[in-house]
Amino acid sequence: MELTEEQAAVRDVVREFADEEIRPTALEADETQAFPEDVWDGLADLDLTGLTVPEQYGGYDADPVTAAVVNEEVAYGMLAVATALSVHSLATSCIAEFGSDAQRERWLPEMAEGRPVGAFALSEPHAGSNPAEMSTEARREGDEYVIDGEKQWITNGERAGVYVLFAKTDRDDPSSVTQFLVPGDVDGLTVGEKEDKLGLRASDTTSLTFDGARIPAANRLTEEGKGLSAAFHILTGGRIAIAAQSVGLAQCALDEATAYSGDREQFGGPIADIQTIRHKLAEMATRTRAARLLTRDAARKRAAGSAALEASMAKYFASETAMFATNEAVQIHGGYGYVTEGEVERLYRDAKITEIYEGTTEIQKTVIARELLGER
């Protein structure tokens, strides 16, 4: 599955940016748990914050394969940055696909330029893998909706200037989930403290609490009750993005391990001469290539129409590949792989989240089986 000339050029530009601008900031950003805003501005300069924004609103409007390439290369630099970008892109996708002309004109041109940052508020403390159980309610009162409830695990939660919020218009009706646009400065919205996480530490992950927050009825993105189907549709693209990011992590781990095994000497020569090490590198490379092919196949299916099966397969396999490759990279580095000033220790910690967010591995397997059995 070769890239087009244009896609290959995009890959090369983003890889150069990842090597020169993102990776040098990764260690400090991880240690301080501070998002590198200068890197975000650099992504905006490359038009990547408009990745899923239509051209008429000043965006890049990348095809799914190009978007996957971008996600892979940004994650090669630092997963926290790639995650922030993919969630911002989920928000712009929702506005582009489901928003009115007025909503698109209001938000997309500025979001394409990187500010305001977008967030996607679906998960709740007691409704992670089953969003139909959410309890956040948006109650209609005249020309407004009044929002009460709590969201959790919100990427860009602190940085965001606009949230794509999913809430029920009737707390007791699972079929009433609806999609809304909530400005970050609305009264009644409280952003929680940043979570102290195992990995992805430079990405701000927070809770959101809504206590009588009022928004205009014009901020509703979908018809009442159409929000959950909209979320699942958008998350198909999100899962392909996470698969691509997983490939970027795996490739970075492979490159680090390959370079180290050539430099590190033991028993009278480089450890790359040891068969066990060579076999580890071979398996890492093979799994990474397979994950990349699965991901790009899913992206091509997405461009042609539905890709729920392929997206879940790619996300499941690529995230497990990221965990495998980063674990092997730590093992190859030995003691140097376990200390925090090394690159592969961070990669290992970051990789775990790819098996959890945007649908756990178990959820992906459920989707795959459902699709194979023709169930809906």
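Some notes on this structure:
- Each residue of the range 88-103 is assigned a 3J(HN,Hα), and the resulting list reads 4, 5, 4, 5, 5, 4, 4, 5, 5, 8, 10, x, 6, 4, 5, 5 Hz, derived from the Karplus form 6.51 cos²θ - 1.76 cosθ + 1.60 (θ = phi - 60°), x at Gly and Pro.
- For the range 284-349, accessible area per residue (1.4 Å probe, heavy atoms of protein chains only), Å²: 43 Å²
- Among the chymotrypsin sites (Phe, Trp or Tyr not before Pro) in the range 229-328, those placed in a DSSP loop whose Cβ has at most 12 other Cβ atoms within 10 Å are 267.
- Here the label points at residue 28 and residue 196, each 7 Å from Cα along the C-beta direction, are separated by 2.3 nm in the simple model.
- Counting only protein heavy atoms and a probe of 1.4 Å, the accessible surface of the range 261-376 is 53% carbon and sulfur.
- Cα shape, the range 117-215, gyration tensor, a/c 1.5 rule: oblate
- Residue-normalised accessible area of the range 23-91, expressed per residue, 1.4 Å probe, Å²: 31 Å²
- Other residues with beta-carbon under 12 Å from the beta-carbon of residue 155 carry, at +1 per Lys or Arg and -1 per Asp or Glu, a net charge of 0.
- Where the Cα pairs of the range 222-376 fall when distances are cut into 10 Å bins, in %: 12, 35, 27, 16, 8, 2, 0
- Ellipticity estimate at 222 nm from DSSP helix runs (n ≥ 4, -39,500 (n - 2.57)) divided over the chain, nearest 500: -17500 deg cm²/dmol
- Rounded if a/c under 1.5, otherwise prolate or oblate - the range 1-132, Cα gyration tensor axes: oblate
- Of all DSSP bridge pairs formed entirely within the chain, close to 85 percent run antiparallel.
- Residue 130/residue 278 FRET efficiency (R0 51 Å; Cβ-Cβ; nearest 0.05): 0.70
- Rounded to the nearest 20, the size of the Cβ-charge dipole of the range 190-343 about its Cα centre is 760 debye, with Lys and Arg at +1 and Asp and Glu at -1.
- Separation of the range 94-135 from the range 162-184 is 10 Å, based on Cα centroids.
- Across the range 162-168, computed HN-Hα scalar couplings (Karplus, 6.51 cos²θ - 1.76 cosθ + 1.60, θ = phi - 60°) run 8, 10, 8, 9, 10, 8, 7 Hz from first to last residue, x flagging Gly and Pro.
- Rounded to the nearest 10 square angstrom, residue 349 shows an accessible area of 40 square angstrom against a 1.4 Å probe.
- Taken along its three principal axes, the alpha carbon spread of the range 289-365 comes to 47, 23, 16 Å, from the longest extent down to the shortest.
- Considering only the Cα atoms of the range 167-254, their convex hull presents on average a projected area of 7.8 nm².
- Pairwise centroid distance, computed over Cα atoms, of the range 209-272 with the range 333-353, Å: 18 Å
- The range 8-69: translational diffusion in µm²/s, Stokes-Einstein, Kirkwood Rh over Cα pairs, 4 °C, 1.567 mPa s: 102 µm²/s
- With all protein chains modelled, accessible area of residue 220 [1.4 Å, Å²]: 80 Å²
- Each semi-axis of the equivalent ellipsoid for the chain is √(5λ) with λ an eigenvalue of the Cα gyration tensor; in descending order they amount to 36, 21, 20 Å.
- Kirkwood radius for the range 234-309, taken over all pairs of different Cα atoms as the inverse mean of 1/r, rounds to 14.0 Å.
- Ordering of 202-211, 142-151, 58-67, 128-137 by packing [mean C-beta count within 10 Å, highest first]: 202-211, 58-67, 142-151, 128-137
The values are calculated or read from the model by the stated rules, or taken from the named source; none is laboratory data. Note that the structure is predicted; figures quoted are calculated from it, not measured. Here the Cβ is made from the backbone with ideal geometry for all residues, glycine too, and neighbour counts use every protein chain on show. The protein model used for the area step is the full one, side chains on, heavy atoms only, and it has no ligands, DNA or RNA in it. Shrake-Rupley method; radii C 1.70, N 1.55, O 1.52, S 1.80 Å.
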